[in-house]
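One structure below.
The values are calculated or read from the model by the stated rules, or taken from the named source; none is laboratory data. Being a predicted model, the structure only gives us computed values, none of them experimental. Reconstructed Cβ throughout: ideal geometry from the backbone, glycine too, with neighbour counts over all protein chains shown. In case anyone asks, the SASA skips ligands and DNA or RNA and just uses the protein heavy atoms, side chains included. Shrake-Rupley method; radii C 1.70, N 1.55, O 1.52, S 1.80 Å.
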Amino acid sequence: MVYLIFLFLGTLGLVLSIRSLRASVDFLKNAERATGRVIELVESSDDGETFYRPVFEFTAKDQQQYHYRHHKSSAPSSWEIGNEAVFIFDPADPGEARMLGSAMLNWPATALAVSMTLLVTGLGYVVFRLCYPGLL
Amino acid sequence: MRYHLAALIPGICLLLVALYILKGSLDFIDKSERAVGKVTGWSESSGDGGITYAPVFTIVTRSGHEIYYTHTVTSAPPSWEMGEEADFLYDPADADSARILTYFGLFSWSIVLLGVAAFLITYGGVFCMLRAYLRPGINVSL
């Protein structure tokens, strides 16, 4: 019974994760890209240690400048003033830019991989029952 | 961008190992005989959580030989009762080959390795297929 639940959850997960992956790919394909430069390293302290969070500035096609504050801070800083990175954003909303990288696909890819694991496990059980009827 | 290969290559290796073990399990099923085993005792093992028990089955083969099979799953208190029965498959040419007749009992390592392989191949494969979209400044279509 548990394998049939795996099969159901795997199929459901597969459909949802493919939709999510397709949305991410459509975004990667159609969104605007711009190169941003680190203009500031924001300091913060935790347990006596100083962490640095880079702030990027990029210019969109509308010639407006936007700032992107990285979600990760590090000690010592893994970024230096002037370092560059590529940003991707909806032209209608450059304020919601994301840094271009494989991390953008992490969640949909992980969801798809988990779904495939469940699907393979559940499907294996069904194939076994069909190939060896009456054995279990 | 190379870490997708770090998932894809081990995934393909695990898939090959899983298929090899799967073939062994299918060969075993084809040449095995079926028998009923009865719980005749418990194997005790002690760990951090105290003493746990694995049922020991006695299986009588068609030729009248007895095979002793210790279940791989232990529990406390014992999840099997004395005299409780289960079906087994065994290779008549190899008395130590008995496996409990459940899907996981027959294909345990194949199931685990296939599952891990499916995860790694899918995860690595997604990045492999979509790597062009992740290149800065390139407009691509697959």
Any hit, the range A:37-59, residues being surrounded by fewer than 13 Cβ atoms within 10 Å (Cβ to Cβ), among the polar types (S, T, N, Q) and without any contact (Cβ under 8 Å) to a residue 12 or more places away in the chain: yes
Unique residue being out of contact with any strand residue (DSSP E or B) (no Cβ under 7 Å at 6 or more places or on another chain), in a loop (DSSP other than H, G, I, E, B) and open to solvent by less than 40 Å² (accessible area, probe 1.4 Å) when the list is A:L135, A:L119: A:L135
Verdict on A:E40 being at pLDDT 90 or above and in contact with a Pro (Cβ under 8 Å, 6 or more places away or on another chain): yes
Residue that is least open to solvent (accessible area, probe 1.4 Å) [pool: residues in the range B:2-12 that are hydrophobic (A, V, I, L, M, F, W, C) and more than 11 Å from chain A (Cβ to nearest Cβ)]: B:L8
Unique match (being within 14 Å of chain B (Cβ to nearest Cβ), assigned to a loop (DSSP other than H, G, I, E, B) and not β-branched (V, I, T)) among A:K61, A:K72, A:K29: A:K61
Options A:A111, A:A97: the member that is under 30 Å from A:S44 (Cβ atoms) and hydrophobic (A, V, I, L, M, F, W, C): A:A97
Some residue of the range B:89-97 being among the aliphatic types (A, V, I, L, M) and in a strand (DSSP E or B): yes
Condition met for B:M82 (within 14 Å of another protein chain (Cβ to nearest Cβ) and open to solvent by 60 Å² or more (accessible area, probe 1.4 Å)): no
Any chance A:V127 is free of Cβ contacts under 8 Å to residues at least 60 places away in the same chain, loosely packed, with under 11 Cβ neighbours inside 10 Å and more than 8 Å from every other protein chain (Cβ to nearest Cβ): yes
Conditions (1) part of a strand (DSSP E or B); (2) of a type outside the set (G, A, S); (3) open to solvent by 70 Å² or more (accessible area, probe 1.4 Å); number of the one not met by A:R19: (1)
Unmet criterion (only one of (1) part of a loop (DSSP other than H, G, I, E, B); (2) within 11 Å of chain A (Cβ to nearest Cβ)) for B:L114: (1)
The listed residue being out of contact with any helix residue (DSSP H, G or I) (no Cβ under 9 Å at 6 or more places or on another chain), on the phi > 0 side of the Ramachandran plot and not hydroxyl-bearing (S, T, Y), out of A:G48, A:G36: A:G48
Residue within the range B:41-56 that is of a type in the set (S, T, Y) and either in a helix (DSSP H, G or I) or within 28 Å of B:L26 (Cβ to Cβ) (or both) present: no
Residue within the range B:30-44 that is closer than 30 Å to B:Y123 by Cα, surrounded by 12 or more Cβ atoms within 10 Å (Cβ to Cβ) and not polar (S, T, N, Q) present: no
In the range B:63-79, the residues that are open to solvent by less than 50 Å² (accessible area, probe 1.4 Å) and hydrophobic (A, V, I, L, M, F, W, C): B:I67
Lone qualifier among B:L15, B:L26, B:L22 - being within 14 Å of chain A (Cβ to nearest Cβ) and within 30 Å of B:R131 (Cα to Cα): B:L15
Sole exception among (1) at the interface with chain B (Cβ under 9 Å from one of its Cβ atoms); (2) open to solvent by less than 30 Å² (accessible area, probe 1.4 Å) for A:T110, by number: (2)
